[in-house]
């Protein structure tokens, strides 16, 4: 299955993995959770307990949440995850291109993007 892997402090990378639950869990480091926050037929798959496990904060998804730990983006088929098409892989590579740093501040979490953009999440 063709996916886009996004690790903390790294640029996204494409990968072709076996389409098994075990492999998906290995990549994210635990039980998988899929979220469908985008208008495209894609899923963001992460460890559903990443924050509880203390994984490093990875990316802030505007208006949604901060994802902790490694996650991946895959395509959606009729009933299951599927290959991420090349055009969507390119789109999400651009979206997640800039790694982010996070700092706790008195009124929330400061998100600092590599491109210099900052935002406080409450």
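Read-outs: derived from the displayed coordinates by stated rules, not from any lab. Just so you know, these numbers come straight off a predicted model, no measurement behind them. Every residue, glycine as well, gets a Cβ built from its backbone with ideal geometry; the counts of neighbours run over all protein chains shown.
Ordered by the count of other Cβ atoms within 10 Å of each Cβ, fewest first, 97, 59 give 97, 59. Taking Rg and Dmax of the Cα atoms in Å as calculated from this structure, the corresponding entry among [x] 12.7, 36; [y] 14.2, 45; [z] 14.5, 53 is [y]. A crude spin-label estimate for the pair residue 114 and residue 9, with each label 7 Å from Cα along the Cβ direction, gives 1.3 nm.
Annotation for residue 103 and residue 25: the two label points, set 7 Å from Cα along the Cα-Cβ direction, are 3.9 nm apart. Once label points are set 7 Å from the Cα along Cα→Cβ at both residue 90 and residue 65, what is their separation, rounded to one decimal in nm? Taking the simple label geometry, residue 90 and residue 65 are separated by 3.1 nm. With axes computed from alpha carbons, what is the tilt in degrees of helix 86-95 against the longest principal axis of the chain, rounded to the nearest 10 within 0 to 90? The angle comes out at about 10 degrees.
Quick one: order 3, 112 by neighbouring beta-carbon count within 10 Å, fewest to most.
Starting with the residue having the fewest Cβ neighbours, the order is 112, 3.
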